[in-house]
1. Output the helices (runs of 4 or more DSSP H) that fall wholly within the stretch 83-156 and possess 1 or more residues being of a type in the set (V, I, T) and modelled with pLDDT of 90 or more, or say none.
2. Just wondering, is there one or more residues in the stretch 64-80 that are surrounded by 12 or more Cβ atoms within 10 Å (Cβ to Cβ), touching a Cys at 6+ places or on another chain (Cβ under 7 Å) and either modelled with pLDDT of 90 or more or acidic (D, E) (or both)?
3. Please pick out the residue among A122, A88, A97, A101 that is buried (at least 17 other Cβ atoms within 10 Å of the Cβ), without any contact (Cβ under 8 Å) to a residue 60 or more places away in the chain, more than 13 Å from L32 (Cα to Cα) and of a type in the set (G, A, S).
Amino acid sequence: MTDLRYAPPAAPVADPEASRLAPHSVRRACQLLVASTLLGFAGVTGPFELPTFARPWVVLLGALAAVVAFTGVIFWLILKAYRGRNWARWTVLLLLAPSWALGALEFPGEIMQASIAAVVGATTSALDILACWLLFFGAGATRYFRQVERTVEGSR
């Protein structure tokens, strides 16, 4: 007679969250996007002229509110992409692609002025392009987004 107290359990005991961990390429892409967003603040420090009728504190508060709102949306999209939402990685791509095109058009003029904004802009664009490449073509990224999409659809 065998003693069943030492038999393995019949139920699966694996951690279900371990299978949902983002692959290394997706984690690295999200880290690059956060770094690019934070580095982008260094390129925005240039002076700007206020209209004569504007009160400086109103314009400053409006600009600060816009920056906080935009940064919040970007970080939220990065978090959703990290969690495997396919629509979030496409939205990030669609938000960043026009800035790459405009940056490529402005880069020759800015580099001739040897401005720090040109260097910061080129660096952030390079980080963004690498991050989007990793989100779409990184090892395991496509499989990860498909897997999470099926899991989300199955739970509805």
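The values are calculated or read from the model by the stated rules, or taken from the named source; none is laboratory data. No experiment lies behind these values; they were computed from the predicted model shown. Here the Cβ is made from the backbone with ideal geometry for all residues, glycine too, and neighbour counts use every protein chain on show.
1. Details: elements: 86-112, 116-137, 141-154.
Qualifying helices (runs of 4 or more DSSP H): 86-112, 116-137.
2. Yes, there is a match, as at least one residue in the stretch 64-80 is surrounded by 12 or more Cβ atoms within 10 Å (Cβ to Cβ), touching a Cys at 6+ places or on another chain (Cβ under 7 Å) and either modelled with pLDDT of 90 or more or acidic (D, E) (or both).
3. Working: A122 fails: buried (at least 17 other Cβ atoms within 10 Å of the Cβ); A97 fails: buried (at least 17 other Cβ atoms within 10 Å of the Cβ); A101 fails: buried (at least 17 other Cβ atoms within 10 Å of the Cβ).
Exactly one residue qualifies, and that residue is A88.
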